[in-house]
Amino acid sequence: MTKLSFGKPYVLAYTNCRNISADEDEAASRKIYVGQAPTSSVLALEDNENVREYLVDAQGKKKRSPTLVHQAIRKTLTDNTDDFSILNGGMVIVARDAVVDDRAKTITLTQASIINGSQTQGELKRYFERFDGKPDVIPNIKFEIIVSKDDNLIAEISISRNFQNDVRPISIAGRRGQLEDLERSVQIDFPKARLRKSETDLVADDEFLDTEKLIQVIFALLPEEMMKLLDPSADPTNKVFTYSQKTRCLKLFQRLVDHGPAEVYDCCLDLAPSAWTLYGEWKEHQGFKGTRLRSIDRAEGRIVDVPDGVIFPILAAMAAFVVKAKSGDWVVKRPAQFTDKEMIEAAKQAYIEIAGHNPQTMGKSKACYSTLHRITSIFARLQ
């Protein structure tokens, strides 16, 4: 992930502010604040982590006409200024740290950025400029501040909080024909498989294969040398995003289709059938019998569903076994000395000791991925 530059800490003056962090937030070392602030206090906030900048006067770009959203904000500011705080959806802000001063009624934010509300901020700037920065009425604005040091989580929040009732990414990819090669590759081992290419294609009845999940497991299985080509600045062993960021995975795949690198795209296509096979095998792996992992679903003495949070670190570790065959195709070649039993035992240990019996924590824990990857790396060197 590209590191973004930030200025000095941002001091946000507020009218009222409340910490509403829940137990799961505290466990994940994040905080959530909500409240209201004078609109004048949000004008200088950066929005460099937002997926949408202010669309009307984007600096260095051709000006666009105001949309219905912009017109509605302008009308509220003009005709219902006193009611702005309840008529406007407010602003979502992310920061890496926050210090609240109740006496001064300020909250000092480190690396702060708007991730939802750039259009509102743009219209507020326009409103203040009309009055030379001193309008007669300065309305309040609702805010939500999410404090977290998890860059991947912040990126996912930005995408999720900007979701509109428009065309979903899967439908865009399907409409552009970006999933055709992938479908043909999967059909090598699954002849009747049909990929989900639209939000109206349902996977619950098994008529369509879960395309987004398939792409996630492919990236989990991608070998280090291909990960380096995909993103030279990233840690090739850190596969946490494959579990927690399905939208990012889909967009990465779309970028591969259109812009390459071709070597990585070809590797993804080669691995598609194997990745989906491995995923299915681990979802119902009977080797988990007797592990007593309480998050695993069982029925009549059989394992019927192992959580994805447990599976993805395993798949990512097995990327060490991906090699290029003499045919030129990428394949999964397990060393003769390697057994699933050893992997299951290591996964169990990581699940208990690192993830605290929480499969979601395991799926998002770099330490769990590293632990399992060290084991497969040892076996890979024996080949």
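Using only the alpha-carbon atoms, how far is helix 118-130 inclined from the longest principal axis of the chain? Give it as 0 to 90 degrees, nearest 10.
20 degrees
What is the ratio of the Cα radius of gyration of the chain to 2.2 N^0.38 Å, where N is its residue count, to two decimals?
Numbers: Rg = 24.2 Å, N = 383, 2.2 N^0.38 = 21.1 Å.
In units of the 2.2 N^0.38 Å rule of thumb, it is 1.15.
Determine how many Å³ per residue the convex hull of the Cα atoms of the stretch 221-321 encloses. Write out the running numbers ahead of the final one.
On the way: hull volume 10.8 nm³, N = 101.
Once divided by residue count, the hull of the stretch 221-321 is 106 Å³.
log10 I(q)/I(0), Debye, Cα-only the stretch 213-255, no solvent, q = 0.18, 0.29, 0.32 Å⁻¹?
-0.44, -1.15, -1.32
Provide the net charge surrounding LYS149, with neighbours chosen by a C-beta distance below 9 Å and charges set as Lys +1, Arg +1, Asp -1, Glu -1.
Working: positive: ARG30, ARG96; negative: ASP97, ASP150, ASP151.
Once all neighbours under 9 Å are counted, the net charge is -1.
How tilted is helix 68-79 with respect to the longest principal axis of the chain? Cα atoms for both, answer in degrees (0 to 90, nearest 10).
Computed tilt is about 30 degrees.
Would you calculate a helix-derived [θ] at 222 nm for the chain, using -39,500 (n - 2.57) for each DSSP H run of n ≥ 4 and dividing by the full residue count, to the nearest 500? Intermediate results must be reported in sequence, preceding the final value.
On the way: 16 runs with 162 residues, N = 383.
Computed ellipticity for the chain at 222 nm equals -12500 deg cm²/dmol.
Compare the peptides 102-109, 242-249 by average per-residue count of other Cβ atoms within 10 angstrom and give them in order, highest first.
Values: 102-109: 15.5, 242-249: 20.9.
Ranking the peptides 102-109, 242-249 by packing returns 242-249, 102-109.
Computed on alpha carbon atoms, what radius of gyration and Dmax characterise the stretch 10-161, expressed in Å?
15.5, 46
Suppose we keep just the DSSP beta bridges with both residues in the chain; what percent of those would be antiparallel, to 5?
85 percent
Just check the stretch 280-383 against the gyration tensor rule for me: Cα atoms, a ≥ b ≥ c as the square roots of the eigenvalues, rounded for a/c under 1.5, and otherwise prolate or oblate depending on whether a/b exceeds b/c. Can you show the working numbers first?
Numbers: a/c = 2.08, a/b = 1.57, b/c = 1.33.
Note, shape of the stretch 280-383 comes out prolate.
I need to check one value: relative contact order of the chain, counting alpha carbon pairs closer than 8 Å and at least 6 residues apart, in percent. Display every interim value, and only then the final one.
On the way: 606 pairs, mean separation 50.8, N = 383.
Worked out over the chain, it gives 13 percent.
Taking N as the number of residues in the stretch 169-380, what is its alpha-carbon radius of gyration divided by 2.2 N^0.38 Å? Show your work: numbers first, answer last.
Numbers: Rg = 16.7 Å, N = 212, 2.2 N^0.38 = 16.8 Å.
In units of the globular-protein estimate, the stretch 169-380 measures up at 0.99.
Starting with the fewest neighbours, write out ASP201, ASP97 ranked by other beta-carbon atoms found within 10 Å of each beta-carbon.
Numbers: ASP201 17, ASP97 14.
Arranged by neighbour count, lowest to highest, ASP201, ASP97 become ASP97, ASP201.
Quote the charge dipole size of the chain about the Cα centre in Debye, to the nearest 20; the model charges only the Cβ of Lys and Arg (+1) and of Asp and Glu (-1).
On the way: 53 positive and 54 negative charges, 106 e Å.
That gives the chain a dipole magnitude of about 500 debye.
In debye, nearest 20, what is the charge dipole magnitude of the stretch 169-380 about its Cα centre with +1 on Lys and Arg Cβ and -1 on Asp and Glu Cβ, if you could check? It would help to have the intermediate numbers written out before the result.
Working: 29 positive and 30 negative charges, 89 e Å.
Computed charge dipole of the stretch 169-380: roughly 420 debye.
Evaluate the Kirkwood expression for the hydrodynamic radius of the stretch 291-345, namely the inverse of the mean inverse distance over all pairs of different C-alpha atoms, and round to one decimal in Å. Spell out each step's value before the answer.
On the way: mean 1/r = 0.0745 Å⁻¹.
That comes to 13.4 Å for the stretch 291-345.
Taken together, the values in this text are just the output of simple stated rules run on the coordinates, not laboratory data. Given the structure is predicted, the values throughout are model-derived calculations rather than measurements. When we count neighbours, we look across all protein chains shown, and the Cβ atoms used for this are built from the backbone with ideal geometry, even at glycine.
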